[in-house]
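Reading through the C-alpha cells given below for one structure.
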Amino acid sequence: MTTYIKNYFKVYQGLSTPAWMLALVMLVNRSGAMVVPFLGVYMVKHLGFSLENAGILLSCFGIGSVVGSSLGGWLTDKFGHFKVQMFSLSGIVPLFLLLPRLTTMPSLAVGILALSMVSDILRPANSVSLAYYSKPENVVRSFTLNRMALNLGFSIGPALGGFLAAISYDFLFYGNAFAATLAAIIFFVYFRNKKGNVKEKADVEGVVVPYQSPYKDVPFLVFTLLSILYAICFFQLLSSLPLYYRQVYHLSETSIGVILAYSGVVVFSLEMLIVHIAERRTTAANAIIAGVLFCGLAFVSLLITKGLWLLYVSMFFLCVSEMLAMPFMATVTLQRSNAKNRGAYMGLNSLSLSAGLIFAPYLGTQIAAKHGFNVLWTGTGVLMLLTGIGFYVLMKRMKLKKEN
C-alpha cells in the first residue's frame, strides 16, 4: 500500500502550475455537470416523453457537440485558446438557466443543441491550452490530470445531482449554471495574462510550419472513424445505461447518481497511475485496443446475471476502458499535429467523441425499445471487438511522430 501511494504521487511530479489550474477549472465546471446523465430520466419521468423521443432529444446534444467541437477547433486556431475557453465557460450559464423553462420537444431540442454546442467549443481549446502550457515530456500526464479532474467532478456532479433531482429537477440546471460561473471566474483571473512556458521546436528554430488540414490526413480520418465507433458504445453510459438502471433495476435517481459517482471515483483514483504505467510498458496502440475491448466487456458482462453488484463490476470495466483508450487517443492526435493545425486536429478528436453523443442515445434507445437491452449490450460487445481489430490493423500502418 505504501509503495502504491509513493508511485501514485510520483507521477504528478514535474507538472506545470497552469496544468494544475486548468484541471481545477475543469473540476469545478464538471462538478456542476448534473444535467447530462439525468436528461434521459428527466424527459421520460418528469416531462412524460417516450423512450424513443427521449433518445432523439439526447441525439440533439450530440449534434450540438459535433458542431461545437468542429467550431471550437477553428476558433482556437483563429482567436486563441484563452478567448474560446472564456466564451464557452461564460456562454453556457444563461443556457442552463433557460433549459428548465423549455418543455416541448422542438424548444427542448433547440435548447439542448445550443447548450452542447457552446459547451463543447471548450474542448479543443482546452486541449491546445494543455499542450501550450506543458513541457513536451509531460503532455500525456497533463492530459491525464485534466481527465482526472473531469472524472472527479463527474463523481461529485451526479451524486449531488441525484440528490437534487429527488427534490426538484430545476435545481440540476441551476447547479450547473453556478458551477460554470465559478469556473469562468477562476479561469479568467489566473489565465488572462498567462504566457506559455514551452515553444514548438520549429518556432524556436525559425522554421515556418506549413498548415495541413486533418481532413486530408487519411489515416487519421480512419482513426477518427474508429474513435467514433468507440464513442457510440462508451457513451451508452450517459443515455441507455441510466435508463437501464431505472427500467430494469428500478433504481431511484439517487441510486443511479451513486453508481455514476463511483465511476468518477475509480477513474480519479487509478487513471494517472495506469496511464503512467502504460506509457512505460506498452504503446499507445496497445493501450487504445485494450481500452476498446474493455468497453465491450463492460456491456457484455451485464448479460451474465442480475444483481446490483454486477452493475458496479460493469462500471469498473467501463472505467478501465476510459482510462486506457481516451488519453492515448488524444496523444495520437497531438503527435500528428503541429503549432499551425493543433486546434483543427484536436477539434476533430473532440468531434469523434461528440459524434458518439449523437448516435449513442438514438441507436441505444431505439434498439432497447424495440429489441430489449440484452440485444443492445450484445451488439455493443460485437462492435467493440470489430473496432479493436480495426485499431490493430490501422495502428500497425500508422506512423506516429515522436514527442517534440
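The values are calculated or read from the model by the stated rules, or taken from the named source; none is laboratory data. Everything numeric here is computed off the predicted structure, so don't read it as measured data. A quick note on method: Cβ atoms are made from the backbone with ideal geometry, for glycine too, and the neighbour counts reach across all protein chains shown. SASA here: full protein model, heavy atoms, side chains in, ligands and nucleic acids out. Shrake-Rupley method; radii C 1.70, N 1.55, O 1.52, S 1.80 Å.
Annotations
- Any chance Leu182 is part of a helix (DSSP H, G or I), open to solvent by less than 80 Å² (accessible area, probe 1.4 Å) and either at pLDDT 85 or above or of a type in the set (A, V, I, L, M) (or both): yes
- Criterion (over 14 Å from Ile232 (Cβ atoms) and within 16 Å of the chain's Cα centre (by Cα)) met by exactly one of Gly347, Gly372, Gly343: Gly347
- Filtered residues of the range 343-354 (kept if touching a Leu at 6+ places or on another chain (Cβ under 9 Å) and open to solvent by 10 Å² or more (accessible area, probe 1.4 Å)): Asn349
- When we screen Tyr249, Tyr244, Tyr345 for residues that are part of a helix (DSSP H, G or I) and either out of contact with any Pro (no Cβ under 7 Å at 6 or more places or on another chain) or among the aliphatic types (A, V, I, L, M) (or both), the only hit is Tyr244.
- Only residues that are in a helix (DSSP H, G or I), of a type outside the set (Ser, Thr, Tyr) and modelled with pLDDT of 85 or more were counted across the range 116-125, and they come to 4.
- Residue within the range 75-98 that is at positive phi and small (Gly, Ala, Ser) present: yes
- Subset of the range 69-98 that is within 9 Å of Ile121 (Cβ to Cβ) and among the aliphatic types (A, V, I, L, M) - its residue that is surrounded by the fewest Cβ atoms within 10 Å (Cβ to Cβ): Leu71
- Candidates Lys396, Lys340, Lys306 - the one that is assigned to a helix (DSSP H, G or I), open to solvent by 30 Å² or more (accessible area, probe 1.4 Å) and basic (Lys, Arg): Lys396
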